[in-house]
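These notes concern the structure reproduced below.
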Amino acid sequence: MLFLILTSHPKITGLDEKFSGFDLPPWPVLAYNSLASRRTLYKLPTLTSSVDRVVGWLPNAQVLWMVRHPYAVVASMRTLRFADGRSWLERYGREELSSLAREFGDAPQETEADDLVAVGAHIWKYKMRSMTRFIEKGMAVRSIRYEDLVDEPEQTLKPALTALGLEWSDNLLEHHKFHGSERHAGNSRGNVPIDRARKEARAPLSPREKEIVAGVCAAAMTDFAYGKA
């Protein structure tokens, strides 16, 4: 959603990973945008843990890091389904966790990797640790809480635009008028407006599942003022 909102700005353009092979934008896009004095925005969830790779290619990039409550994130991993009927968590969860664990040189303890909810929780925790790594490498990182974005979009986005040297545009509050209805990566539709109701997961975790997630993510949840209710 943040990608769709920002690319409705007249001075921001980019390619969703669905249209660019899950890699960085091709150099002609970067060159054209540079000549047109546009900012190139790219959504990089697949490279979250590839800190050295991103820093090596784009050392002067400014990073907007979207953060969402882990309960909603894990629930979303479970509700996003593919043609074969499997959820994202079933299809990619353990593979993603293994990849992140290798990057950090450690792994979840005991048998947590056998529980898909715990797998999702560890993925969320590792990605928060990745943000710290980008900061340690000297990248300009600004975190944006999803909940703040849907509650107060203008107040949340203005500081980010200022950091990018861009003025506010009312297009950002009406991004659904600038994108088609085609589904983008993550099953997002371009014609869906900002809606506070979207803060809540479509299929919330059970109390027991919330306990599992909180047990894994407690420290980072505290850092981002996420309660455990």
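Ignoring ligands, DNA and RNA, please state the percent of accessible area on the stretch 146-229 from carbon and sulfur, probe 1.4 Å. Intermediate results must be reported in sequence, preceding the final value.
Working: 2320 of 4910 Å².
Reported share for carbon and sulfur atoms: 47 percent.
If you take the square roots of the eigenvalues of the alpha-carbon gyration tensor of the stretch 61-111 and sort them as a ≥ b ≥ c, do you get rounded (a/c under 1.5), prolate (a/b over b/c) or oblate?
oblate
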Exercise. On a 0 to 90 degree scale, rounded to 10, what angle separates helix 207-223 from the longest Cα axis of the chain?
Worked result: 50
Problem set entry | Candidates ALA118, ALA214, ALA83, ranked by Gaussian network fluctuation over the chain, Cα under 10 Å, top entry | ALA83
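Taking the Kirkwood radius as the inverse of the mean 1/r across Cα pairs, report the Rg/Rh of the stretch 3-77. Please report the intermediate quantities before stating the final value.
Numbers: Rg = 13.6 Å, Rh = 13.8 Å.
Taking Rg over the Kirkwood Rh, I get 0.99.
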Exercise. How many lysine pairs are close in the chain, with Cα atoms under 25 Å apart and the two 8 or more places apart or on different chains?
Worked result: 29
For this session: For the chain, state the average projected area of the convex hull of the C-alpha atoms over all orientations, rounded to one decimal in nm².
Result: 12.8
Problem set entry | Radius of gyration, Dmax [the stretch 128-229; alpha carbons; angstrom] | 16.5, 45
Problem set entry | Distance between modelled label sites at SER188 and LEU44, nm, 7 Å Cα→Cβ extension | 1.6
For this session: Return one number: the angle in degrees, 0 to 90 and rounded to the nearest 10, between the long axis of the Cα atoms of helix 70-79 and the longest principal axis of the Cα atoms of the chain.
Result: 90
For this session: Sort TYR126, TYR42, TYR32 from largest to smallest accessible area, using a 1.4 Å probe on the heavy atoms of the protein chains.
Result: TYR32, TYR42, TYR126
For this session: Given the options PRO153, PRO207, PRO193, state which has the largest fluctuation in a GNM of the chain using a 10 Å cut-off (strictly under) for Cα springs.
Result: PRO207
Exercise. Pick from GLY120, GLY14, GLY180: which residue has the top mean-square fluctuation in a GNM of the chain where Cα pairs under 10 Å get a spring?
Worked result: GLY180
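Considering only protein heavy atoms and a 1.4 Å probe, what is the carbon-and-sulfur percentage of the accessible area of the stretch 30-106? Don't jump to the answer; show the numbers that get you there.
Details: 2110 of 4240 Å².
After summing per-atom areas, the C and S share lands at 50 percent.
Ranked by accessible surface with a 1.4 Å probe, highest first, in what order do ILE194, ILE12 come? If you can, show how the numbers build up before the last one.
Numbers: ILE194 40, ILE12 10 Å².
The most accessible residue leads, giving ILE194, ILE12.
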For this session: Assuming R0 = 22 Å, can you tell me the calculated FRET efficiency for the pair PHE104 and VAL55, based on Cβ-Cβ distance, to the nearest 0.05?
Result: 0.85
Seminar exercise, completed: Once normalised by the length of the stretch 118-229, the mean sequence separation of its alpha carbon contacts under 8 Å that are 6 or more apart gives a contact order in percent of 30
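Can you tell me, using C-alpha contacts under 8 Å and at least 6 residues apart, the relative contact order of the chain as a whole percent?
Values: 263 pairs, mean separation 61.4, N = 229.
Across the chain, relative contact order equals 27 percent.
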For this session: Could you provide, to the nearest whole Å², the per residue accessible area of the stretch 1-110 with probe 1.4 Å?
Result: 54
Exercise. What accessible area, in Å² to the nearest ten, does a 1.4 Å probe give for TRP88?
Worked result: 50
For this session: Take the Cβ-Cβ distance between ASP223 and SER181 as r, set R0 to 35 Å, and report the resulting FRET efficiency rounded to the nearest 0.05.
Result: 0.45
Exercise. So, in nm, how far is label ALA203 from label GLN155 when the simple model puts each one 7 Å beyond its Cα toward the Cβ?
Worked result: 3.4
Exercise. Roughly how many Å² of PHE134 are accessible to a 1.4 Å probe, to the nearest 10?
Worked result: 10
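The values are calculated or read from the model by the stated rules, or taken from the named source; none is laboratory data. Here the structure is a predicted model, which is why all the values come from computation and not from measurement. Here the Cβ is made from the backbone with ideal geometry for all residues, glycine too, and neighbour counts use every protein chain on show. These area figures cover heavy atoms from the full protein model, side chains too; ligands, DNA and RNA do not enter into them. Shrake-Rupley method; radii C 1.70, N 1.55, O 1.52, S 1.80 Å.
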